[in-house]
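Report on the structure given below.
The values are calculated or read from the model by the stated rules, or taken from the named source; none is laboratory data. Small disclaimer: the values here were computed from a predicted structure and weren't measured. Reconstructed Cβ throughout: ideal geometry from the backbone, glycine too, with neighbour counts over all protein chains shown.
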Amino acid sequence: MNRRRIDWLLFLLITIWYCGIFFNLILLIYPPLVYTFPLVNLLYSLVCHQNPEKLITIYSGHTLVCARCTGIYSGVLLMSLISLIEPKINIESRKLFYISVIILLFDVLMTTFKIYDYSKLVAFTTGIFFGGVMFLYFRSALYKLFIITEAH
Amino acid sequence: MKKYLPSIVSGFGAGVLQIVPILKGLACCLIVPAASYAAVVLHKKSSKSNKIDYKTGFVIGLLTGLFAAAFGSFFEIIITLITKQNDVTGSFTQIQQMLSTLPITPALRQEVLDMIAGVNNDIAMYGFSTLYTISIIMNNFIVNTIFGMVGGLVAVKIIDSKEKRDLE
């Protein structure tokens, strides 16, 4: 499988996962999908605490994951889209990974221990940064995995 | 058996952490990838070779995800059976509120609410609901294996970068 196909496959899978976050908007297009709501809600509850105060309000409804998780998946989707346009984008250094984790954990701990108030915007932004960096690491590792598999 | 031990240990840890509400709230989707990372590190330490390849990382991540799903589902079902309550019963009011905001007809909304109420009643009365059990097992296996594979690959990438830097 060549790199271009991997990028397209990743983009497709991430887009499907990302669309599920905005389930209330999907229902505008096809309301009978509401029968799957308990299952979809349970699916996203496995990856997010879904605290009602931390969900993003969109069109009278809410996202199925919190602002931080929405940010993480937005970062992943954004970076997968960028890598389709600019395939050479890559990171080898671990510095960015550690920086993104530290920023994210710092915000989580500060808001958990009430050092400062939780902000959806800050949570979303830290999530985007972390998601984007994680995607680049994952994509690079996936490339190497396919190269090894094909070599054998 | 020895080569599966890091995945079993980390998967068990992730399975336990997934059902602890406070930790679940803190770590969100990072529990299983972190468990995969731990499994890769444990595997590296227990094996004689210093180098770990991407294929091994992928397999360890996948296995960690599978074990996390198996242990997580088992604990969830057992705890539900004993306590006769879980996330679904606890968040029934929240789900009702969420449903009330969805752009659907009242009749459709009522049907879905009845369905969830049925699951709720089964859990409250018997501590078991077939629909809930199937959903939790299916969802756990889908999500945990995907996140496990991602964690395994990212772990190898990080270890690889560290080794390259050390060589330089």
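Is it true that A:Glu92 is away from every other protein chain (no Cβ under 11 Å), more than 16 Å from the chain's Cα centre (by Cα) and surrounded by fewer than 21 Cβ atoms within 10 Å (Cβ to Cβ)? Judged against the criteria, A:Glu92 is not a match.
If only residues of region A:1-48 that are in contact with a helix residue (DSSP H, G or I) (Cβ under 8 Å, 6 or more places away or on another chain) and not in a helix (DSSP H, G or I) are counted, the one that is surrounded by the fewest Cβ atoms within 10 Å (Cβ to Cβ) is A:Met1. When the criteria are applied in full, A:Leu78 fails the requirement of being surrounded by 14 or more Cβ atoms within 10 Å (Cβ to Cβ) and within 14 Å of another protein chain (Cβ to nearest Cβ). Residues to consider are B:Gly90, B:Gly57; find the one that is more than 10 Å from chain A (Cβ to nearest Cβ) and either at negative phi or modelled with pLDDT of 85 or more (or both). Being more than 10 Å from chain A (Cβ to nearest Cβ) and either at negative phi or modelled with pLDDT of 85 or more (or both) holds for just one of B:Gly90, B:Gly57, which is B:Gly90. Just one residue in the set B:Asn120, B:Asn144 is within 30 Å of B:Ile60 (Cα to Cα), in a helix (DSSP H, G or I) and either touching a residue at least 24 places away in the same chain (Cβ under 8 Å) or more than 10 Å from chain A (Cβ to nearest Cβ) (or both); that residue is B:Asn144.
Looking at region A:132-151, can you tell me whether even one residue there is modelled with pLDDT of 90 or more, hydrophobic (A, V, I, L, M, F, W, C), surrounded by fewer than 19 Cβ atoms within 10 Å (Cβ to Cβ) and under 18 Å from the mean Cα position of the chain (by Cα)? No - not one qualifying residue is present in region A:132-151. So in region A:29-43, with the set limited to residues that are facing chain B (nearest Cβ under 9 Å) and in contact (Cβ under 8 Å) with a residue 12 or more places away in the chain, which one is farthest from the chain's Cα centre (by Cα)? So the residue we want is A:Phe37.
Looking only at region B:18-32, residues that are within 21 Å of A:Ile72 (Cα to Cα), at pLDDT below 90 and within 11 Å of the chain's Cα centre (by Cα) come to 6 in all.
Would you be able to say whether some residue in region A:49-59 is of a type in the set (A, V, I, L, M), more than 7 Å from chain B (Cβ to nearest Cβ) and either buried (at least 22 other Cβ atoms within 10 Å of the Cβ) or in contact with a strand residue (DSSP E or B) (Cβ under 7 Å, 6 or more places away or on another chain) (or both)? Step through it out loud before you land on a result.
Residues of region A:49-59 of a type in the set (A, V, I, L, M): A:55-56, A:58.
Still in the running and more than 7 Å from chain B (Cβ to nearest Cβ): A:55-56, A:58.
Narrowing the set further to residues that are either buried (at least 22 other Cβ atoms within 10 Å of the Cβ) or in contact with a strand residue (DSSP E or B) (Cβ under 7 Å, 6 or more places away or on another chain) (or both) leaves A:55-56.
Scanning region A:49-59 turns up at least one residue that is of a type in the set (A, V, I, L, M), more than 7 Å from chain B (Cβ to nearest Cβ) and either buried (at least 22 other Cβ atoms within 10 Å of the Cβ) or in contact with a strand residue (DSSP E or B) (Cβ under 7 Å, 6 or more places away or on another chain) (or both).
Can you confirm whether region B:34-47 contains a residue that is part of a loop (DSSP other than H, G, I, E, B), at pLDDT below 90 and within 13 Å of another protein chain (Cβ to nearest Cβ)? Within region B:34-47 (the criterion being part of a loop (DSSP other than H, G, I, E, B), at pLDDT below 90 and within 13 Å of another protein chain (Cβ to nearest Cβ)), the answer is no, since none of the residues qualifies. Filtered by the rule that a residue be among the charged types (D, E, K, R) and within 25 Å of B:Arg109 (Cβ to Cβ), region A:1-58 gives A:Glu53, A:Lys54.
Would you check which residues across region B:155-168 are at pLDDT 90 or above and at the interface with chain A (Cβ under 7 Å from one of its Cβ atoms) and list them?
Matches in region B:155-168: B:Val156 only.
Can you find a residue that is part of a helix (DSSP H, G or I), surrounded by fewer than 22 Cβ atoms within 10 Å (Cβ to Cβ) and more than 10 Å from every other protein chain (Cβ to nearest Cβ) anywhere in region A:62-71? No, the conditions are met nowhere in region A:62-71. Among the residues making up region B:48-100, those that are in a helix (DSSP H, G or I) and among the acidic types (Asp, Glu) are B:Glu76, B:Asp87.
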